[in-house]
Structure formats: structure tokens, C-alpha cells
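Q: Structure provided below as C-alpha cells; questions to follow.
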């Protein structure tokens, strides 16, 4: 572990930080090669914007759940490296139940005879129980993009759905930063399990702990966030989701996951394990740099505001890219929070029509379904008709008469039962819809699923951070 | 000198993604000269006109260090990720709606053509599958 350095004269050696997971459901196939590259820290990013909603449903069925189901797999695969060379694992896969995730880690450690392994949990991101009292104390919870208040949005949702009981948020989580993870690591934790910590902060925490960076060293923190942003989507920096020559090399199923060697000044060298597929270059790195970014000169994060346009990137070897240090400014006074608001139930059907006149037959069928729902007295709040193969997503004017089309028709109703009943209007059209040749209807109808609106807002930092608890236990 | 044009798909690398109800589409030039040119022709007005949406919902941010232009489009996903009925609820394919935009090239710029995929390895594999 690096030594904090007040004078700047002493320099800690670079630290190797790996991105082993990009979301809940990512492939575990790349992990073994990544571990063979002997990272000092393995970061597992498991929480997309509303993954917590999925995990909350798990916890509602079984109160010992609420972490990602694949967490035990990752921990079992990685624990030998923890035992043999003190690799650290940092993950937000604790979801809505980091405490239970900590118990899982304990069991994995015990099963591996890893007595003495130190396991930390971080809680305090869940602010759902506080929404009412903090509102009463003056928090207005305004939508980040629209400025609408949470209270107004809930009232509008209640009116839209026509429900008798007012619509209530299902989840509310603040994005925590790197600080509680660094605290856990400084207390000797080898596995840190958190809930909603900002994706890039998992990686920043590793660099801060190793190099002893101060939590107000904005430029170095921005470097750590830039590194984290580049690693947090696993294969996307190493040739995944790539608009360049993505068909090279010819074994893309061997797509590797990335790591970075981060030096004490905040510079970094990105790489992938030797002998793996994929590609890592200036071009693949820049694709990820701007991914899901707004203003790249002000990338907001709980720890720092980073300027992604400052680091210089260059190819420094085969499948190796170097980055100069980034620059940043003081962290925001507020934390971002995401509140999930139930907005009804959706259901959808996908059916196929073939040439000739495939598009027209699809259009007619969609129109018939909407009329049949009306005749059945089923209130539908919103429809969506997409004709794949005829410009549903891509530029419409490029599609002449297509050889076949997929009609995707989706709808939203206030309740699940109505949404499911609308779907029953579809199969009859195979026999009695006038458009000939409706295919695949038996396979293409979904079950109703709940729609949840993401309501991004801000919340006072001190309110949240005063409730954050870091606990370290020993296996 | 004749003014010539080409579709963006021949000119730039790209990636799109979501943030709640926002979509971002990043475009990448191969040379500083092309980046400077694209900064002048890829504007919020141009993009909003192409997508037939209000220009106030589009913002363009240059990132010269990676020769990139980040296009941010508000209110683009029908409510965003888990709330929307859109098939591409995460905006992963959104870039394709911008890539057909025809833009002017500098007069001395050759007509570019990005390479087309060679997926012989995939068709070979598919032919070898056990099938009915």
C-alpha cells in the first residue's frame, strides 16, 4: 500500500486497477484472464440506473436478498487473489442490501479457508425513509433536467394513472462517493461491499487509498474519476460497442476486460491481459471517454467535477494507451439522488409479416389492435408502434419495400391486468385480421411489467453523509 | 471548386448512450482538420432540424483532446430507460438517426468511405451449426 506523501517528494508506485464487471448481468467469461494480469484492485460495477429496482423486488420476496445474484460467483473466483497477494475487491453489488452481501462475502471467505479476511460494508445511500422528513425541513427534490418538484411529479403520476391511493416513490438512493470506501480500505478491508456508490468512484477509491490522495486534491481525484469512467463499462473500452473495425480481430468472443496502471500524479496506462482478444487503442478509449456524458468539461460526481477534455491520450504500445493527468474542480455541495416513481405497466407484442406489402400489413394490424382495445373497454394511456425493418430505429427513408418486417406494438396501462388483457387482442388477428400472413404471434407477446420513471434530483450532502456507516468485520 | 457532401457515417466514429431521458451521441473525427471542420457544421440547429425536434433540446460540446463532438439531446427516450415504451430504451442505436446526415466537406477533402465489415468468421461459424 502506498504512503501518503505531504511533500510530493516521495512517490508511490503505480497501482493496477481492473474493471471486472460493467453491469448486473455482465459476462463472467473475461474474469479469469483479468485476474491473471494480477491487478491490485478488482472493481465490480453492478448498478445501472435502476438495477436497484430489480434488487428491491428480490428483497421484497426474501429479506436476505437484494444484492446481485452473481456476487457469490465473482467473490469465489477472486478470493484466491485476495488470499495469495492481498488483492482488494471493491463493488457496489451490495445493491439494496450491502449487509447481506457482506454475509455472503463472509461465507465465501470461510468456505475458502480465508480466515482473517477483512470484509467491509457501506450503507447510507438509501434515503427513501428520509424523504418526508427532509422535505419538511426544506429539501425540495427538484428534477435535475426539468426543475419539477418531486411532490408535483407524484401528484401528476397519481392523476395520470387515476389511482385512489397517491403514487409513492419505490426507491430513493443518493450517489455516495469514494470516501467511505477509502475509510474501509484504510481499516484493512480486503472486500468492500456497497450500495449506490457512483460507478467511477469505486475505481477512484482504489487510487486514493493506494497513493494517499487527499479528498480535496481535485486534479488527482479527477484523474481517478477519468480512469474509473473509462474502466466502469468493462469491455466497452477494449473493443466492445465499437464503431471502428469491430470485426477485427476475428475472435470477438474473447473480448477482454480492461485494467489501468495509475501513477501517483494521476497519469495512467490502460491495458488488457496478454493473449486475450479485443482491441485497445486511442480510438476505443475515446469512444468510452464520452459515453453517457453531458458537458465533458464538467463531469459531475460526488467526489469532484472532472474536465474530461484535459487529459491527453496516445497509443503507447500494442493494446496499450497512456493518459496524462486530468484536472478537476471542487466537488458539488449536493449529491445526486435517483428516485424511482411507478408510472404504470407496459406490455408488448412482436409479430412478423413477410413481403409483399409487409409494412402496410403491420400498420393495419397495429391500428386494429388499438381499436379492439377500445371496443373491449380497456383504457390505454400510451401506445408505441415500431416497425422493425422499415425504419423503427434507423433512418426511415432508406427502407424501400422490405422483405419482411417485425411489428412491435407496446402499450401502457395503469395496472398490470389491463395491460395483459390488451395483449389478448393480438392472437385473434392471425385468423381474423384482414392482413394475411401474421406470423410468430404465439411467441412474441410479453408479460406485463412495471414501468418506473427515473427522477434524478439533488440532496444536501451533509444530510446523507451523516448517515453513512462503514463497518469492517473479520472472517 | 465544387462543394461536395457525404453522409456522416462515412466520416466519423460514433457511440450513443442514455442518462435518464437524455441521449448522448459522440462523434469522432480522424484528423484535427476534419474535427475543426465538423465543429463548424455540426450544430444544435443542424441536428435538431434533422431530427425534427426543437433546437433548445440539443447541445453540442467539443472535446478537442479526442477530436470528438458530444451531442446531447434532451427528452429523447419517451421518459427514459425503465419508464419508456421505446424499443431502444437505452439509446444504444440512437446514433444511427444522426449518421445519415449529409454534411459538406472541405473543398479539397477526398470523398471518404469507411471500411465495411468483413464477418467471414461469423458466416463460417453459422454454416457449421447443427440445424434442422
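Q: Among the residues that make up region A:378-391, is at least one of them surrounded by 14 or more Cβ atoms within 10 Å (Cβ to Cβ) and over 22 Å from residue B:88 (Cα atoms)? Lay out the reasoning, then the answer.
A: Step one: of region A:378-391, the residues surrounded by 14 or more Cβ atoms within 10 Å (Cβ to Cβ) are A:378, A:380-391.
This time we only want the ones that are over 22 Å from residue B:88 (Cα atoms), so: A:378.
Scanning region A:378-391, I find at least one residue that is surrounded by 14 or more Cβ atoms within 10 Å (Cβ to Cβ) and over 22 Å from residue B:88 (Cα atoms), so the answer is yes.
Q: Does residue A:253 qualify as being at pLDDT below 95 and not in a loop (DSSP other than H, G, I, E, B)?
A: On the way: at pLDDT below 95: yes; not in a loop (DSSP other than H, G, I, E, B): yes.
When the stated conditions are applied, residue A:253 passes them.
Q: Away from chain A (no Cβ under 11 Å), at pLDDT below 95 and either closer than 29 Å to residue A:51 by Cβ or surrounded by 14 or more Cβ atoms within 10 Å (Cβ to Cβ) (or both): does that describe residue B:6?
A: So residue B:6 passes the test.
Q: With the structure loaded, tell me whether residue A:16 is in a strand (DSSP E or B), surrounded by fewer than 22 Cβ atoms within 10 Å (Cβ to Cβ) and more than 19 Å from the chain's Cα centre (by Cα) or whether it fails that test. Can you show your working first?
A: On the way: in a strand (DSSP E or B): yes; surrounded by fewer than 22 Cβ atoms within 10 Å (Cβ to Cβ): yes; more than 19 Å from the chain's Cα centre (by Cα): yes.
Yes, satisfied.
Q: Which one is nearest to the chain's Cα centre (by Cα), of the residues in region B:81-99 that are within 7 Å of chain A (Cβ to nearest Cβ) and under 10 Å from residue B:20 (Cα atoms)? Quick ask: steps written out before the conclusion?
A: Step one: list which residues in region B:81-99 are within 7 Å of chain A (Cβ to nearest Cβ), which gives B:81-83, B:85-88, B:93, B:96-97.
Those left that are additionally under 10 Å from residue B:20 (Cα atoms): B:81-83.
Numbers: B:81: 20, B:82: 24, B:83: 24 Å.
Selected residue: B:81.
Q: If you don't mind, another one. For residues in region A:418-428 being part of a helix (DSSP H, G or I) and in contact (Cβ under 8 Å) with a residue 60 or more places away in the chain, which is nearest to the other protein chains (Cβ to nearest Cβ)? Give the derivation first.
A: First, pick out the residues of region A:418-428 that are part of a helix (DSSP H, G or I): A:418-423.
Narrowing the set further to residues that are in contact (Cβ under 8 Å) with a residue 60 or more places away in the chain leaves A:418-420, A:422-423.
Details: A:418: 15, A:419: 11, A:420: 16, A:422: 13, A:423: 14 Å.
The residue in question is A:419.
Q: What residue, of A:364, A:373, is away from every other protein chain (no Cβ under 13 Å), surrounded by fewer than 19 Cβ atoms within 10 Å (Cβ to Cβ), more than 33 Å from the chain's Cα centre (by Cα) and touching a residue at least 40 places away in the same chain (Cβ under 8 Å)? Please lay out each step first, then the result.
A: Numbers: A:373 fails: surrounded by fewer than 19 Cβ atoms within 10 Å (Cβ to Cβ).
Sole residue among the options that is away from every other protein chain (no Cβ under 13 Å), surrounded by fewer than 19 Cβ atoms within 10 Å (Cβ to Cβ), more than 33 Å from the chain's Cα centre (by Cα) and touching a residue at least 40 places away in the same chain (Cβ under 8 Å): A:364.
Q: Hey, another quick one. Tally time: how many residues in region B:37-56 are within 11 Å of chain A (Cβ to nearest Cβ) and touching a strand residue (DSSP E or B) at 6+ places or on another chain (Cβ under 6 Å)?
A: 0
Q: Shifting gears a bit: Report the residue count in region B:1-43 for those that are farther than 24 Å from residue B:89 by Cβ and without any contact (Cβ under 8 Å) to a residue 24 or more places away in the chain.
A: The qualifying residues number 3.
Q: In region B:11-24, what residues are more than 9 Å from chain A (Cβ to nearest Cβ) and touching a helix residue (DSSP H, G or I) at 6+ places or on another chain (Cβ under 9 Å)?
A: Step one: of region B:11-24, the residues more than 9 Å from chain A (Cβ to nearest Cβ) are B:11, B:23.
Within region B:11-24, just B:11 meets the criteria.
Q: Restricting attention to region B:100-132, which residues are assigned to a loop (DSSP other than H, G, I, E, B), without any contact (Cβ under 8 Å) to a residue 40 or more places away in the chain and either under 28 Å from residue A:393 (Cα atoms) or within 14 Å of chain A (Cβ to nearest Cβ) (or both)?
A: Passing the criteria: B:115, B:116, B:117, B:118, B:119.
Q: Given A:322, A:346, which one is more than 28 Å from residue B:90 (Cβ to Cβ), within 14 Å of chain B (Cβ to nearest Cβ), assigned to a strand (DSSP E or B) and in contact (Cβ under 8 Å) with a residue 40 or more places away in the chain?
A: Working: A:346 fails: more than 28 Å from residue B:90 (Cβ to Cβ).
None of the other options fit; the residue is A:322.
Q: Suppose the filter is away from chain B (no Cβ under 14 Å) and on the phi < 0 side of the Ramachandran plot; does residue A:332 pass it? It would help to see each step written out before you state the result.
A: Numbers: away from chain B (no Cβ under 14 Å): yes; on the phi < 0 side of the Ramachandran plot: yes.
Yes; evaluated as a whole, the condition is true for this residue.
Q: Would you say residue B:78 is at the interface with another protein chain (Cβ under 8 Å from one of its Cβ atoms), assigned to a loop (DSSP other than H, G, I, E, B) and either surrounded by fewer than 18 Cβ atoms within 10 Å (Cβ to Cβ) or touching a strand residue (DSSP E or B) at 6+ places or on another chain (Cβ under 7 Å) (or both)?
A: Values: at the interface with another protein chain (Cβ under 8 Å from one of its Cβ atoms): yes; assigned to a loop (DSSP other than H, G, I, E, B): yes; either surrounded by fewer than 18 Cβ atoms within 10 Å (Cβ to Cβ) or touching a strand residue (DSSP E or B) at 6+ places or on another chain (Cβ under 7 Å) (or both): yes.
Taking the combined requirement at face value, the residue satisfies it.
Q: Quick one: residue A:443 ticks every box in (1) more than 30 Å from residue A:179 (Cβ to Cβ); (2) free of Cβ contacts under 8 Å to residues at least 40 places away in the same chain; (3) outside any loop (DSSP other than H, G, I, E, B) except a single one, so which number is it?
A: (3)
Q: Also: For residue B:67, all conditions in the list (1) more than 11 Å from the chain's Cα centre (by Cα); (2) within 11 Å of another protein chain (Cβ to nearest Cβ); (3) on the phi < 0 side of the Ramachandran plot hold save one; what is the number of the exception?
A: Here residue B:67 meets the rest and fails (3).
Q: Report, by residue number, each residue of region A:454-471 that is crowded, with 19+ Cβ neighbours inside 10 Å and at pLDDT 90 or above. First the steps, then the outcome.
A: Residues of region A:454-471 crowded, with 19+ Cβ neighbours inside 10 Å: A:454-459, A:464, A:470.
Listed by number, the residues that qualify are A:455, A:456, A:457, A:458, A:459, A:464, A:470.
Q: Can you pull out the residues in region A:275-287 that are touching a residue at least 40 places away in the same chain (Cβ under 8 Å) and either part of a loop (DSSP other than H, G, I, E, B) or farther than 18 Å from residue B:62 by Cβ (or both)?
A: A:275, A:276, A:278, A:279, A:280, A:281, A:284
Q: Using the structure shown, decide if residue A:172 is in contact (Cβ under 8 Å) with a residue 12 or more places away in the chain and within 18 Å of the chain's Cα centre (by Cα). Don't jump to the end; show me each part of the working.
A: On the way: in contact (Cβ under 8 Å) with a residue 12 or more places away in the chain: yes; within 18 Å of the chain's Cα centre (by Cα): yes.
Taking the combined requirement at face value, the residue satisfies it.
Q: To continue, here is another question. For region A:381-417, name all the residues that are in a loop (DSSP other than H, G, I, E, B) and either at pLDDT 95 or above or within 9 Å of another protein chain (Cβ to nearest Cβ) (or both).
A: We begin by selecting, within region A:381-417, every residue in a loop (DSSP other than H, G, I, E, B); these are A:381, A:389-395, A:399-403, A:414-415.
Within region A:381-417, A:381, A:392, A:393, A:394, A:395, A:414, A:415 meet the criteria.
Q: Right, another one. Is it true that some residue in region A:429-447 is surrounded by fewer than 20 Cβ atoms within 10 Å (Cβ to Cβ) and within 12 Å of another protein chain (Cβ to nearest Cβ)?
A: yes
The values are calculated or read from the model by the stated rules, or taken from the named source; none is laboratory data. Worth saying up front: this structure is predicted, and the values here are computed from it rather than measured. Cβ coordinates were reconstructed from backbone atoms using ideal geometry, including for glycine residues, and neighbour counts include every protein chain displayed.
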